[in-house]
1. Please calculate how many Å² of accessible area chain A carries per residue, with a 1.4 Å probe and no DNA, RNA or ligand atoms counted.
2. Could you provide, to the nearest whole Å², the per residue accessible area of chain B with probe 1.4 Å?
3. Any residues in region B:34-61 that have 50 Å² or more less accessible area with all protein chains than in their chain alone, probe 1.4 Å, and which are they?
4. Within a 10 angstrom radius of each residue's Cβ in B:103-110, how many Cβ atoms of other chains show up on average? Whole number is fine.
5. Rounded to the nearest percent, how much of the accessible area of chain B (1.4 Å probe, protein heavy atoms only) is carbon and sulfur?
6. Could you give the nm distance between label points at A:Glu373 and A:Val141, where each point is 7 Å from its Cα heading toward the beta carbon?
7. Put a dot 7 Å past each Cα toward the Cβ at A:Leu467 and B:Glu215; how far apart are the dots in nm?
8. Farthest toward the dipole's positive end in region A:31-166, which of A:Leu43, A:Leu133, A:Thr90, given Cβ charges of +1 (Lys, Arg) and -1 (Asp, Glu) about the Cα centre?
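The values are calculated or read from the model by the stated rules, or taken from the named source; none is laboratory data. For clarity, every value in this text was computed on a predicted model and none was experimentally measured. Neighbour counts run over all protein chains shown; Cβ positions are idealised from the backbone, glycine included. All accessible areas refer to the heavy atoms of the entire protein, side chains included, with ligands and DNA or RNA removed. Shrake-Rupley method; radii C 1.70, N 1.55, O 1.52, S 1.80 Å.
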Amino acid sequence: MSRPNPRRAWLVARTEFRRTWRSLRGSTRGIILLLGAGLMVPLYGLAIGGMALFGGSAVVTADPATLRLAATGVVGGLLALVTFIVLQRTIKVNGNPDAADGLLTTAPYEDILAGLLAAEAARLFAVLAVPLLALAVGLAVGTGLPVLGVVVFATTVVVATAGVLLGYAGGLGAKLVAARSEFVARHRAGIGAGSSLLFVVVWVAASGASGVQLALLRAATQSPLSWPGELLLLAVPTVAADPLAAAVAAVVLVGGLPLGGLVCLWLADRVWYVDPVQPDHDFSADERTLSDRLLQGWVSTATRVVAQKSWLRAKRAPFTVQFAITPFFFLAFQLQTVLLERTVPPTIPLFAGLASAAAAGAAFTLNPLGGEERVLPLTLTANVSGRTFVSGLVLAGALPGVVLTTLLVVGLGLAAGIGPGPLVAALATSLVATVGAPAIATATGMVFPKFERSSVGDREVVVPSGLAFGLYFLLLGVVVAPGAGTFGLVVSGFGLPFATQIVLTGGVLITLVLTAVGAGSGFLYAANRIGSYRLE
Amino acid sequence: MSPPSPAIRTDGLTKRYGDAVAVAGLDLTVDRGRVFGFLGPNGAGKTSTIRILTTLTEPTAGTAYVAGQAVSDRASVVEHIGFLPEEPPLYDELTGREQLEYIAGLRGHEDWGRVESLLDRFDLTDDADRRVETYSKGMKQKLGLVQALLHEPEVLFLDEPTSGLDPRAARTVRDTISDVAAADTTVFLSTHILPVVEELADTVGVLYDGDLVAEGPPAELTDGVEAGTTLEDVFLEVTSERPEA
């Protein structure tokens, strides 16, 4: 390990930054991101600066305990946010240098790492600089304490830089584990997708629960995590800050930067030159899998192998169907209710069941042709009829969907304590939707097919078009509306002119009819289109 | 005065991936200024050997020296080598010229005259200010070769350099290999295209199951067997299934 050469590191950082800029300018998504950031960053800056300015006078008179909470919140929140962003970017995007073979045989890896870290910090501060500066200036003017502004700016910059190093080291550490552990390598994408989903659900749920946030913050103020906040409080004359804690925090933060750099160097040396374990995918022609046993004799061989191919691809590369978990994000708001009110809302079984149905429909069928990627010419010339092919895709979504939907609806229904009538109605509506959704999705996927690849993390994948997604959700919403609506009316205790059983049964039946019509016509439309499809 | 060290020397070089042996105790010497044709069927261990010699991966056992430097000393080896992997390492977002300026900057070898002359030689001057993402496979391959040659390396590692090139571009690449070898650069050339090796290589090594099963000048390898035997025949002969021990 040697000290990075600043000239080379600067060259790498400049080139990385230039590539990011060009890549953003070169795509519609990038332009939208740039425009969004160009609008939101100054707005955030203005809002934060305004709050700091007008709340500044309160700082000098506020209760020290409240100020300590606020200081810990700012420092801890910034560190957690930056660390998380950099961690997941390191794992997914820039944990390894692009064109690594060329770069690593051109310049020492220490210089490349220093350049990549500098570029990552530059990207981050391109977004953070204005809000952090606004916070510092707002506080300095609002409190009349210029030194507070200087201390706030310096501390937040050092904390954010520490977050970059911490996140990058964490990301490299995760990559090292993935490269060395056969289990993690085999299930890497699944672990990543599961962790991302869990994080987003918990984050959204907790962000709406101020009680949970406050409890976490109070716990943090009782721990060394609050010490960096003491640095800020030192600049407020009306608060008796703990100078020892502040000094320790300053030493740890500033001293931690070179230490973090060394840890990143140590990890990069191992990750960039590692020979990753290559998990074997055992195959035996004689072995009968669970899906073989379930499907043989029930469906044609062609239908079975189309379904099995879909499951195998999803298992080996979950990022290809990662988009399908989107409906579950809507459960985050229900989870907020669970956290805030400590009760399981009676609507959650149906919401979960419909999320499962929507996911089952989206996973394999929302882009039937584009999803075949490079194999499409072979699929089209494989003498498989459109009906057989669509049946296989529908089966791939519906079969696991039925199991998941049943487990979610029954489990959450029992937890929510809803009566047997509404529970059966929720289950019936959800199951009808789960069985019908894949066929509806296939039709929308044929109306709006997509063949272009998009970046998902560090992979290039063909994901369904946004229009197909939108139309699918709209149609699914229409067919489940009667069953879901009547269920909602009953569990919310709405006064009904008929017996609840009649209302619930009526809702389910209408949903059943609508789904049968939608799914049946969707299936036929998709099968005919695929059967007569020609490559352009 | 001791004789100059060979450009490449390996002693008992071994690489294992779990239970699989990719390179099995390879002993190899390539003298300076020679073109060494490195042949072998897919999975023979050629890429593993090149990755060790270019410091991208560590050997499980044995030693290797490139330009007199141990491959364990990455920084020293990297100074003396140029490498064109099978997939040219280029950034799509940069123009051809920016890519070369970047690599030249990293090498500390900012000789713009050489950049221009190489661009001209490879017929890339007119496209040098276009983004790499718009280049054809052949143009990318040529740009990759130019960036591997920029700093006039002592040892040049080329992995399938003519793959995907049209006949004219392939001719340029072959001429360039001859020229750099004439200028005392050692070329370690891994390819499946046997006529290229026959034309360019001073020495050929055939790797099979991680072992070097044949080595020598192409003419020597085909001598002593029946008339009309080509390097391809020799290759097929030495890489056929070996009987169980």
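1. Accessible surface, normalised per residue, equals 49 Å².
2. Here the residues of chain B average 44 Å² of exposed surface.
3. Listed in order, they are B:Leu56.
4. 5
5. Details: 4910 of 10810 Å².
After summing per-atom areas, the C and S share lands at 45 percent.
6. So the label points at A:Glu373 and A:Val141 sit 5.3 nm apart.
7. Computed distance between label sites B:Glu215 and A:Leu467 equals 6.3 nm.
8. A:Leu43
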